[in-house]
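Please treat every number below as a calculation from the coordinates, not as lab data. Because the structure is a prediction, the values reported are computed rather than measured. Quick reminder, even Gly has a Cβ in these numbers, built from the backbone with ideal geometry, and neighbours come from all protein chains shown.
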Amino acid sequence: MPTLSIDGTEIEVAEGTTVLRACEQAGVEIPRFCFHERLSIAGNCRMCLVEQVGVPKPLASCAMPVTDGMQILTRSERVQAAREGVMEFLLVNHPLDCPICDQGGECDLQDQALYYGRVRSRYREAKRAVTDKDFGPLVKTVMTRCIHCTRCVRFMDEVAGVPELGTMGRGEDMEIVAALDGCLHSELSGNVVDLCPVGALTSKPYAFAARPWELSHTESVDVLDAAGSAIRIDSRDGRVLRVLPRVNEEINEEWIGDRSRYAIDGLAVRRLDRPWLREGGAFRPVTWEAALAAVATALQAAAPERTAALMGDLPGLEGMTALADLMRARGVASVDCRQDGGAFGPGEPASWRFNAGIAGIDRADALLLIGTNPRREAPVINARFRKRWRAAGIPVARAGPVTDLTYPVTELGAAPQVLAELAEGSHPFADVLERARYPLIVVGSGALARPDGGVVLGLARRLADTVGAAGPVWNGFSVLQRSAARAGGLELGIVPADGGLDAGGMLAAARAGGLDFVYLLGADEVDPDAFRDTFTVYQGHHADRGARYADVVLPGAAYTEQAATYVNTEGRPQQARPAHPPPGDARPDWKILVALARELGSPLPYESLDGLRSRIAAAVPHLAHIDQLPPPAPLAPFGDPDGALDAAPFEEMVPDYYRTCPISRASATMAACARAVADA
């Protein structure tokens, strides 16, 4: 390994390390604009100049590999003069509009101009002006501020896989341009705002909303898909103003999807902020006491076999546990957390987890996607698939509808019969998987929500055995969930007991008059018309589909307003933290259910959040280990591989990426995105 001297201190680094990286390892800060750890090297801003002893001119440290015996100076007079010169040229045409720039207070150019620039400007000529571009509803452009670092261009090309940005012209005439005005066609486009080191690209929905020093910051997790991306919630005066990604190398690296970032305006509209009771076909607001009394009366009047409870996509473990405990205490067997009807193996964690782990994608050397579109179901995971393809050129195939995943895919067709051929080893791609050392088989949760979901699950499980993806060293059988609540509910065993009805059975029984009482905990993706003649309680935070025919509506808290535990698609428990209290009389989910149990005269065995979490940890110990992967689950046989496959092809489960839940459906920003994509 080469050894070099940095400001008189010797350091040994790995072969191929750049000078900039070596300086970072030595604890020396090097300014930069174009360089980013996750993007290719451009070397075009020259802010990272350092001096190499014996070389007549400064060198760009981001692009220069280390050689043995190098002597690098980062604080010499030559380096200081070079950085001042670079900064002076960068500011030649930069507008003096910091007071109205949304990047003010968190701008790399401001910070580095202070530490590395000159005290005064010597430029007296007129500054250039550049026409702003239309990048769609999410990204605001003020292109006169652009310093041509090309981070946005490289991100869209390399990470997002949608090469719609580029440069045009040279020198002073150079501009960043889009291939098509109107919209960036990527579910990750908002990340260019974080990457931009100046105010050329900012958040359009957040424009002129706040300054960074006015905001309260809350570290939490995203629940609008099942990846569990690390986020920071920025709020002020009881309102969420923006969501930014946090670095989590094992899940989202430092990216988040556009829905996770921009759907937050939906948190402030169509909210349920007080209890409602339906009388005479119309809702009227009531007190909590009256609402809980009405629910308790109806629940006590219903026989356990004619009672059901269904959980939706957004509740945390605490709310689901409290509802399940309340129903089980009353002898109710029809309790289900799978509102989509997914046929996961009961008691078999390997049948619903992403067993390889999201970080395990970086080891895969062959990939098969079954009935899933990860670009829409989990954009950050799809970006990881693309990253692996770019790094190793792995073969990728898909059984499902044809869509652009941003990397080359061998399409096997949407007919489920191809899965039987793969499991038997008669399909050519089965040989590709078998030759791979770390084959990864990803089954979409939507593929398991079909009438033949159990057969699909069983065949995918058999395929894992056929190609050696289910060994003790590497478990490549992975299920990609779409719902933040699903994996947690399955870990807790919230599925029908013997003789109970699943989600589909509840809908059928309600239509046939076989149910007297149903409790919907944020269940908005089922047909509410089925419960028109059933006494229905809806507990949630938005007036969405589930509340349409409810007899009692109980206002719950959203994920930004309550402390809640979620389990991501890997089985990793994570905690969402409240950024502010819920609006009006809304309450955290678990508190509502504890109060209802008291009203019924049979209190739950816990009255506090800590007591409830102790109950969860006692039932499933690994759920107490926050942010840690669970122990590997044995890949026992599950599903029904010998059953009959339905002839219906695999379908797209997320036709509209921007509107998939009550929050995003209430968002005007997401509606604008959906229109922009439809008009493109």
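So what J values fall out for the range 361-376 if you push phi through Karplus, 6.51 cos²θ - 1.76 cosθ + 1.60 with θ = phi - 60°, rounded to Hz, Gly and Pro as x?
4, 5, 9, 4, 10, 6, 9, 10, 9, 10, x, 9, 10, x, 4, 9
Which far-off residues, 5 or more places away or on another chain, put their amide H under 5 Å from the one on Glu525, with H placed in the peptide plane?
Long-range HN contacts for Glu525: none found.
Can you give the extra length, in nm with one decimal, that the chain gains between Asp656 and Ala207 once fully stretched, where that is 0.36 nm per residue apart less the Cα-Cα distance?
Going from the current span to full extension adds 159.1 nm.
Between Arg532 and Thr403, what FRET efficiency follows from the Cβ-Cβ distance if R0 is 45 Å, with the result rounded to 0.05?
Taking R0 as 45 Å, the efficiency between Arg532 and Thr403 is 0.80.
At what distance in nm do the modelled label points of Ala644 and Tyr549 sit from each other, each positioned 7 Å from its Cα along Cα→Cβ?
Calculated label separation equals 3.1 nm.
Counting just the Cα atoms, what span does the range 292-360 cover along each of its three principal axes? Round to the nearest Å and put the largest first.
Computed over the Cα atoms, the extents are 51, 21, 20 Å.
Starting from the 7 Å offset along Cα-to-Cβ, what nm value, one decimal, do you get for the label separation of Ala359 and Asp431?
For the pair Ala359/Asp431, the computed spacing is 3.7 nm.
Give me the percent relative contact order of the chain, please, defined on Cα pairs under 8 angstrom at least 6 residues apart. Walk me through the numbers on the way to the answer.
Details: 1489 pairs, mean separation 101.8, N = 680.
Relative contact order here is 15 percent.
Find the centroid of the Cα atoms in the range 464-478 and in the range 325-357, then give the distance between the two in whole Å.
24 Å
Find the Cα radius of gyration of the range 145-231, compare it with 2.2 N^0.38 Å by division, and give the number to two decimals.
Details: Rg = 15.2 Å, N = 87, 2.2 N^0.38 = 12.0 Å.
The reported ratio for this selection is 1.27.
One-quarter of the Cα convex hull surface for the range 325-453, in nm²?
Working: hull surface 37.1 nm².
The number I arrive at for the range 325-453 is 9.3 nm².
Identify, among Gly611, Pro472, Ala558, the residue whose Cα sits farthest towards the positive end of the charge dipole of the chain, taking +1 on the Cβ of Lys and Arg and -1 on the Cβ of Asp and Glu, with the dipole about the Cα centre.
Ala558
Calculated FRET efficiency, Tyr115 and Arg170, Cβ-Cβ r, R0 41 Å, to nearest 0.05?
Values: r = 30 Å, r/R0 = 0.73.
So, using R0 = 41 Å, E works out to roughly 0.85.
Angle check, please: helix 668-679 long axis (alpha carbons) against the longest principal axis of the chain (alpha carbons), in degrees 0 to 90, nearest 10.
Helix 668-679 and the main axis of the chain meet at about 80 degrees.
Starting from the Cα of Glu424, step 7 Å along the direction of its Cβ; do the same at Val473; then give the gap between the two resulting points in nm.
Going from the Glu424 label point to the Val473 one covers 3.1 nm.
Taking 8 Å as the Cα distance limit and 6 or more residues as the minimum spacing, I'd like the relative contact order of the range 1-136 as a percentage.
Once normalised by length, the contact order is 23 percent.
On average, how much area does the Cα convex hull of the range 85-155 cover when viewed from any direction, in nm²?
Across all orientations, the range 85-155 yields a mean hull projection of 5.8 nm².
How large is ³J(HN,Hα) for each residue in the range 576-586, as worked out from phi by the Karplus curve 6.51 cos²θ - 1.76 cosθ + 1.60 (θ = phi - 60°), to whole Hz, x for Gly and Pro?
Running phi through 6.51 cos²θ - 1.76 cosθ + 1.60 with θ = phi - 60° gives 8, 10, x, 8, 6, x, x, x, x, 8, 5 Hz.
One-quarter of the Cα convex hull surface for the range 188-284, in nm²?
Mean shadow area of the hull around the Cα atoms is 8.5 nm².
For the range 123-190, taking Cα atoms only, what is the radius of gyration to one decimal and the Dmax to the nearest whole Å?
According to the Cα coordinates of the range 123-190, Rg and Dmax are 12.7, 43 Å.
Report, to the nearest 10°, how far helix 379-392 tilts away from the longest principal axis of the Cα atoms in the chain, using its own Cα long axis and a range of 0 to 90°.
Approximately 50 degrees, to the nearest ten.
Given C-alpha coordinates of the range 527-600, what is the ratio Rg to Rh with the Kirkwood estimate of Rh?
On the way: Rg = 14.3 Å, Rh = 13.9 Å.
Across the range 527-600, the Cα-based Rg/Rh ratio is 1.03.
Roughly what % of DSSP beta bridges within the chain run antiparallel, to the nearest 5?
55 percent
Round to the nearest 0.05 the FRET efficiency obtained for Tyr123 and Glu250 when R0 = 41 Å and r is the Cβ-Cβ distance.
0.30
Just want to confirm a number: the relative contact order over the range 180-232, from Cα pairs under 8 angstrom separated by 6+ residues, in percent.
Reported relative contact order: 19 percent.
For the range 602-657, what D do you get in µm² per second when you plug the Kirkwood radius from alpha-carbon pairs into Stokes-Einstein at 20 °C and 1.002 mPa s?
131 µm²/s
Within the range 79-107, name every residue whose backbone N is under 17 Å away from a label modeled 7 Å from Cα of Val53 along the Cβ vector.
Under cut-off, by backbone N: 79.
Quick one: what do you get for the range 428-547 if you divide its Cα Rg by 2.2 N^0.38 Å?
After normalising by residue count via 2.2 N^0.38 Å, the value is 1.39.
Can you give the convex hull volume per residue for the Cα atoms of the range 28-80, as a whole number of Å³?
90 Å³
Helix 453-466 versus the longest principal axis of the chain: what angle, 0 to 90°, nearest 10, using Cα atoms?
50 degrees
How fast does the chain diffuse by Stokes-Einstein, in µm²/s, taking the Kirkwood radius from C-alpha pairs at 37 °C and 0.692 mPa s? It would help to have the intermediate numbers written out before the result.
Values: Rh = 27.2 Å.
Calculated translational D: 121 µm²/s.
Any chance you could run the full-extension gain for Ala415 through His622? It's 0.36 nm times the residue separation minus the Cα-Cα distance, nm to one decimal. Let's see the in-between values first.
Details: separation 207, 0.36 × 207 = 74.52 nm, distance 3.81 nm.
70.7 nm is the gain from fully extending Ala415 to His622.
For the modelled label position 7 Å from the Cα of Asp237 along Cα-to-Cβ, which residues of the range 189-227 have backbone nitrogen atoms closer than 18 Å?
Output list for this probe position: 206-217.
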